[in-house]
Amino acid sequence: MSRTRIVKGNITNIIGGNYKRYSKDDIENRGSRIIQIGKEEGVSYGKSEQPSKKLFICIKKLTPYPKAYGDCTYYRWRFENFLERHKNCSHLPPKYYFGPMITKSNIKYIGAGIDSTKEWWSTVINTEPLKPPYPKYDKGTPIVRESYGYKYCVVFSNYLTPKLSPEGKKWLKQARYYLQQYMDEGLRNETFTSRYNKKFNQKVKTKTLKNVELDTNWFQEFAFATHPDAYLNAGLIGISIGDKIEVGLTPDLKEWMSTGTWEQAWYVGREQLIKWKKDITVYGKQKYEEARQIYQHRKKQLRDSANRFLKELENYFK
């Protein structure tokens with residue numbers, strides 16, 4: 001943003017206190033003659049005091065995404081657009097987009113455990129374009145492998161897609177579109193109403209999504225709230241059991257330690273159980289019984305983070 005002011009006469013400023021001008025770049029004075037007079041102590045030159053960071057205004061208003069939804073570049077674009085809008089302030093992008101930023105005064109590298117792990121997901125996440133070295137920006141370097149939006153878009157697209165049936169591939173393409181569409185709608189409207197996550201709907205009434213990008217944890221909670229709507233509206237319930245299993249096995253093992261991941265899985269799984277429970281055909285009864293048996297077998301093995309969802313799940317097998 002720039003401004004040019006043309007005055008055909010004189011400009012006189014009378015200031016009652018101090019007069020300070022700050023610029024991130026050069027300050028240039030030109031004229032046929034430049035006069036500076038220090039009435040009592042003369043004119044001093046040297047290092048001045050640092051301006052308040054509040055003087056460097058950032059642009060919090062969302063920039064519309066210029067392309068069609070569905071491509072993984074959406075998350076990197078949102079990340080880089082945030083940096084452009086906040087280049088004159090100290091704000092950092094939410095880690096959901098393209099990973100947490102490593103800055104000189106921020107946090108140490110958090111991927112050492114992943115570098116040495118032998119779990120299945122190391123081969124998935126330690127491949128291009130998720131493998132270091134990561135791009136450098138003026139504010140620091142994002143640990144892309146620790147993102148959520150970009151990482152899983154890449155993993156689902158490159159790793160999961162070949163394992164899916166044609167119907168599963170069609171579902172995934174539509175789900176990617178909805179994930180990005182719902183996120184942008186929430187950011188633009190400063191609110192989002194989930195069809196399935198009623199707890200989030202109550203919370204967003206008071207907290208709202210205004211400037212949600214400035215709170216990385218609240219942003220992730222908002223993003224997670226859009227996932228069940230995107231998955232189910234894209235037709236997840238209608239794809240095959242085999243495709244569902246592949247989808248469920250894709251997140252990192254460490255992600256399943258997160259309550260947010262369990263919430264996503266619960267809202268999606270609940271809708272599937274409702275469908276099977278209402279299905280009076282042999283197929284519906286068979287699938288419902290299979291789900292009940294798996295539940296009985298696995299519930300004692302699940303960690304404490306899932307206990308709340310297990311209690312709710314219990315009601316669907318009574």
Between residue 68 and residue 250, what length in nm is gained on full extension when 0.36 nm per residue of separation is reduced by their alpha carbon distance? 63.0 nm
Quick one: length gained pulling residue 195 to residue 27 fully straight, 0.36 nm per residue minus the C-alpha distance? 55.1 nm
Cβ-derived FRET efficiency at R0 22 Å, residue 158 paired with residue 240, nearest 0.05: 0.55
Of 181-190, 142-151, ordering from highest average Cβ density within 10 Å down gives 142-151, 181-190
On a 19 Å Cα-Cα criterion, which of the cross-link pairs 95/210; 67/169; 67/95; 67/87 come out too long? 67/169; 67/95; 67/87
Extension length gain for residue 188 and residue 90 (0.36 nm per residue less Cα distance), in nm, is 33.0 nm
Sort 73, 12, 250 from largest to smallest accessible area, using a 1.4 Å probe on the heavy atoms of the protein chains. 12, 73, 250
How big is the dipole moment of the range 138-230 about its Cα centre under a simple scheme where the beta carbon of each Lys and Arg is +1, that of each Asp and Glu is -1, and everything else is neutral? Debye, nearest 20, please. 320 debye
Please list, ordered by chain and number, the residues whose modelled amide H lies under 5 Å from the amide H of residue 239; skip anything fewer than 5 residues away on the same chain. none
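The values are calculated or read from the model by the stated rules, or taken from the named source; none is laboratory data. Please read these numbers as outputs of a predicted model, since none were measured by experiment. Please note: Cβ atoms are built from the backbone with ideal geometry, for glycine as well, and neighbour counts cover all protein chains shown. Accessible surface areas use protein heavy atoms only, side chains included; no ligands, DNA or RNA. Shrake-Rupley method; radii C 1.70, N 1.55, O 1.52, S 1.80 Å.
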